[in-house]
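To start, the structure under review is shown below, and the notes come after it.
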Amino acid sequence: MTETFDALTRLVGAGDVVVLSGAGLSTESGIPDYRGPSGAARRHTPMTYQAFTRDPHARRRYWARSHLGWRLIARAAPNDGHRAVARLQRAGLLGGIITQNVDGLHTAAGATGVIELHGRLDEVTCLDCGNLTSRDELDRRLTEANPGFDAHVAHVNPDGDVDLPDEAVARFRTVDCGICGAGMLKPDVVFFGETVPAPRVADCFAHVERARALLVLGSSLTVMSGRRFVLRAAKLGVPVAIVNQGPTRGDGYASLTLDATLGATLSALADRVAAGPVPAAAV
Ligand SMILES: [Zn+2]
C-alpha cells in the first residue's frame with residue numbers, strides 16, 4: 001500500500017496528468033454509486049433514451065421520481081476527494097479533468113475546465129428548440145404544477161431512490177419547454193442508449209493523447225463510455241493509474257492500482273505532492 005502510494009505520488013508529482021473520475025468519487029458526498037461496493041442491489045433499471053422519448057408513462061415516472069430525488073443532488077456538497085483534485089489542478093499538475101459524473105461537484109470544489117462527459121443534472125434541455133434552462137427553474141415549475149406532491153411519496157430511501165406507487169405517478173404533471181412552449185424537456189445528461197456528443201469525446205481523446213499519465217478516480221470502468229479512454233491510453237503507452245474501491249474493468253491495463261477510499265487517499269496525495277518531490281524508489 002505504502003509503496004503503491006509512493007509510486008502514485010511520483011506519477012502525479014511529475015505533472016501532465018489527466019484525471020478521469022466516476023461515481024466512486026461522489027459517494028462520500030452522499031450520492032449513491034450503484035455499481036460500487038455498496039450498490040450491488042440497484043432496484044430500478046436506468047432510464048434509457050428510447051423509453052424516455054417514446055413512452056409518456058416512463059417519462060412521467062422519471063420526472064416524478066427525479067423531482068423528489070433532485071433535492072438530494074441539489075444538497076450535495078463536494079468532499080475531500082473533489083477538493084484534492086482541485087488542489088492538484090491549482091498546483092499545475094493536471095492536464096485535464098474528465099468526469100463521468102453529472103453532479104457538478106468538481107466545479108463546485110473549485111476545479112475549472114472540467115469536461116463533463118455525461119452532461120450535468122442541474123441543466124435541462126429542450127429536445128425541440130435546444131434551449132438550456134436551469135434545473136432549479138424546472139424544479140419551481142414542477143412544484144407549482146404538483147402542489148403537495150411530496151406528501152404522496154410512499155418512501156424515500158436513504159440513497160435518494162424513491163418508491164412511488166403507480167397512482168402517484170399517474171397524478172404527476174410534467175411540464176414542457178417554457179421557451180418554445182411545447183418541446184419535450186430532458187435533463188442535459190447522457191442517458192443509457194444515447195451517445196456522448198462526438199466533439200466532447202474527441203476533446204477527451206485529445207486530452208488523453210497529450211497526457212503523461214491517466215489517473216482514474218472512483219470508476220469501475222464498467223461502461224465503454226469511460227473505459228475507451230483507458231484503452232486509448234494503454235494503446236499509446238500512456239501509463240494508467242487507478243484509485244478505486246474494488247476491482248475495475250481497467251485493472252489489466254493499469255501500471256498502478258490502489259484499492260482505497262477516495263477522500264482520504266486523494267487528500268494525502270495532494271499533501272504529499274505539495275510537500276515536494278518524492279525520492280525515487282530504491283530498487
Ligand atoms: Zn423548447
Checklist entry - Among the residues of the stretch 230-256, how many are crowded, with 20+ Cβ neighbours inside 10 Å and in contact with a Gly (Cβ under 8 Å, 6 or more places away or on another chain)? => result 5
Item to check | Subset of the stretch 176-195 [closer than 14 Å to residue 125 by Cβ and either within 16 Å of the ligand (Cβ to nearest atom) or loosely packed, with under 15 Cβ neighbours inside 10 Å (or both)] | outcome: 176, 177, 178, 179, 180, 183, 184, 185, 186, 187, 188
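Restricting attention to the stretch 134-145, report how many residues are closer than 11 Å to residue 175 by Cβ and in contact with a strand residue (DSSP E or B) (Cβ under 6 Å, 6 or more places away or on another chain).
Counting residues in the stretch 134-145 that are closer than 11 Å to residue 175 by Cβ and in contact with a strand residue (DSSP E or B) (Cβ under 6 Å, 6 or more places away or on another chain) gives 1.
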Checklist entry - Of all residues in the stretch 166-175 being within 12 Å of residue 61 (Cβ to Cβ) and part of a loop (DSSP other than H, G, I, E, B), which is nearest to the ligand (Cβ to nearest atom)? => result 174
Item to check | residue 120 vs. criteria open to solvent by 30 Å² or more (accessible area, probe 1.4 Å), away from the ligand (no atom under 16 Å from the Cβ), assigned to a strand (DSSP E or B) and under 26 Å from residue 52 (Cα atoms) | outcome: yes
Checklist entry - What are the residues in the stretch 94-108 that are open to solvent by 20 Å² or more (accessible area, probe 1.4 Å) and of a type in the set (A, V, I, L, M, F, W, C), if any? => result 94, 102, 108
Checklist entry - Only one residue in 202, 213 is more than 30 Å from residue 79 (Cβ to Cβ) and open to solvent by less than 70 Å² (accessible area, probe 1.4 Å). Which one? => result 202
Next on the checklist: For the stretch 197-229, give me the residue count where each residue is of a type outside the set (D, E, K, R) and either closer than 14 Å to residue 22 by Cβ or within 16 Å of the ligand (Cβ to nearest atom) (or both).
Outcome noted: 15
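Just to check your reading of the model, which residue among 74, 86, 14, 23 is modelled with pLDDT of 90 or more, of a type outside the set (Val, Ile, Thr) and surrounded by fewer than 16 Cβ atoms within 10 Å (Cβ to Cβ)?
Within the list 74, 86, 14, 23, the selection yields 14.
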Item to check | Single match in 265, 257, 222 (criterion: β-branched (Val, Ile, Thr) and under 17 Å from the mean Cα position of the chain (by Cα)) | outcome: 222
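The values are calculated or read from the model by the stated rules, or taken from the named source; none is laboratory data. Keep in mind that this is a model prediction, so the values were computed, not measured. Positions of Cβ are backbone-derived with ideal geometry, glycine not excepted, and every protein chain shown enters the neighbour counts. Remember, those area values only see protein heavy atoms, side chains included, never the ligands or the DNA or RNA. Shrake-Rupley method; radii C 1.70, N 1.55, O 1.52, S 1.80 Å.
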